[in-house]
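Undergrad: Quick one: structure below, then a few questions.
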Amino acid sequence: LECTAGGVTHRGTGVVVSPKGLVLTAQHVVPKDAACVGSIGLADPNTASRMIVRPTNLPVDAALLQFARQQPYAFVGYCDLEDWMVRRKIFVAGFPGNTETGAPSYREGVLSTVLPNAAGLLETDGQTVAGMSGGPVFSNNLAGIVGIVIGAKFDSLGTVSFYGILPASAYAQAFGLTPSAKPCYHQHREVDFTDPRTGT
């Protein structure tokens, strides 16, 4: 995504969340009165299409755009969060600034928390950089999105203390999101088959 306002261009990532071409992204990628364009699957200004900024009134770092071109769009559903999903694997995705290949970057991490902090964010160790804001945070099997990339929080020494994710399920109704058609995670019991006598 590229959004320009006042002669300044903001670059980020989004995720298509409806067959009508609605795109969820971070609010800080879309400044007030911005003109936005976007391309799907590849950071290529030559294939970028005009996007419309949809009004939202939520007090969180999230925005909704829509491709102006009317056609059916492939989209992804969201994952409901449950307590047992803590420490489950995720993939954060996006287009780092000045991406050399134009291809998206996928970075592995875990859900460090499933309870949002005071800012409404989940913590993860999935490392993100500028340009990935608003990008999808996929479940391990890529069946749905857990949320979107918001950014990093730094301590007083400038070290990253955690990377923040806005949970999609918390705002699914407000943004008209669709639940994932497939389970994002499978809950299972771990069984230890070790023989206590022999240790085998």
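The values are calculated or read from the model by the stated rules, or taken from the named source; none is laboratory data. As the structure is a prediction and not an experimental result, all values here were calculated from the model. Ideal geometry is used to build each Cβ from the backbone, glycine not excepted, and the neighbour counts take in all protein chains shown. Note: accessible area is taken over every heavy atom of the protein model, side chains too, but ligands, DNA and RNA are not part of it. Shrake-Rupley method; radii C 1.70, N 1.55, O 1.52, S 1.80 Å.
Undergrad: On a C-alpha basis, how far is the centre of the stretch 139-200 from the centre of the stretch 16-89 in Å? Whole number, if you could?
TA: Answer, in whole Å: 20.
Undergrad: For a quick check: with amide H placed at 1.01 Å from N, whose amide H comes under 5 Å from Ala63's, ignoring anything fewer than 5 positions away on the same chain?
TA: Residues meeting the criterion, in which the H sits 1.01 Å from N, are Thr25, Ala26, Gln27.
Undergrad: Just to be sure I follow the definition: excluding the sites themselves, where is the longest run in the chain that has none of the trypsin sites (Lys or Arg not before Pro) in a DSSP loop with at most 11 other Cβ atoms within 10 Å? Walk me through the numbers on the way to the answer.
TA: Details: sites that count: Lys32, Arg69, Arg87, Arg189, Arg197.
After excluding every exposed loop site, the longest remaining stretch is 88-188.
Undergrad: Quick one: longest stretch of the chain between exposed loop GluC sites (Glu not before Pro), exposed meaning at most 11 other C-beta atoms within 10 Å and loop per DSSP?
TA: In short, 1-99.
Undergrad: Among Ala34, Asn141, Pro96, which residue has its Cα positioned farthest towards the positive end of the charge dipole of the stretch 1-141, with +1 placed on the Cβ of Lys and Arg, -1 on the Cβ of Asp and Glu, and the dipole taken about the Cα centre?
TA: Final value for the positive-end residue is Ala34.
Undergrad: In addition: With unit charges on the beta carbons (Lys and Arg positive, Asp and Glu negative) and the dipole taken about the Cα centre of the stretch 37-88, which residue among Pro72, Met85, Val60 sits farthest to the positive side?
TA: So the residue we want is Pro72.
Undergrad: Oh, and also: Within the stretch 15-46, name every residue whose backbone N is under 14 Å away from a label modeled 7 Å from Cα of Thr4 along the Cβ vector.
TA: 34-38, 45-46
Undergrad: Moving on. Only Cα pairs within less than 10 Å get springs; with that Gaussian network setup on the chain, which residue of Val137, Val23, Val129 has the largest fluctuation?
TA: Highest fluctuation among the options: Val129.
Undergrad: With an 8 Å cut-off on Cα pairs and a minimum separation of 6 or more residues, tell me the relative contact order of the chain in percent.
TA: 20 percent
Undergrad: Asp61 accessible area, nearest 10 Å², 1.4 Å probe?
TA: 50 Å²
Undergrad: I've got another one for you. Show Thr128, Thr25, Thr4 ordered by accessible area, largest first, where the area counts protein heavy atoms only and the probe is 1.4 Å.
TA: If we order Thr128, Thr25, Thr4 from most to least accessible, we get Thr4, Thr128, Thr25.
Undergrad: Lysines within cross-link reach of Lys20: Cα-Cα under 24 Å, excluding same-chain residues under 8 positions apart?
TA: Lys32, Lys182
Undergrad: For Lys153, which aspartates and glutamates qualify as cross-link partners when the Cα separation must be under 15 Å and same-chain residues fewer than eight apart are set aside?
TA: By straight Cα distance, Lys153 reaches Asp61, Glu123, Asp125.
Undergrad: Sticking with this one: Give, rounded to the nearest 20 debye, the magnitude of the charge dipole that the chain has about its Cα centre when Lys and Arg contribute +1 at Cβ and Asp and Glu contribute -1 at Cβ. Spell out each step's value before the answer.
TA: On the way: 14 positive and 15 negative charges, 103 e Å.
Its charge dipole is roughly 500 debye.
Undergrad: Please list Phe162, Phe154 in order of solvent-accessible area, largest first, computed with a 1.4 Å probe with all protein chains present.
TA: Ranked list, largest accessible area first: Phe154, Phe162.
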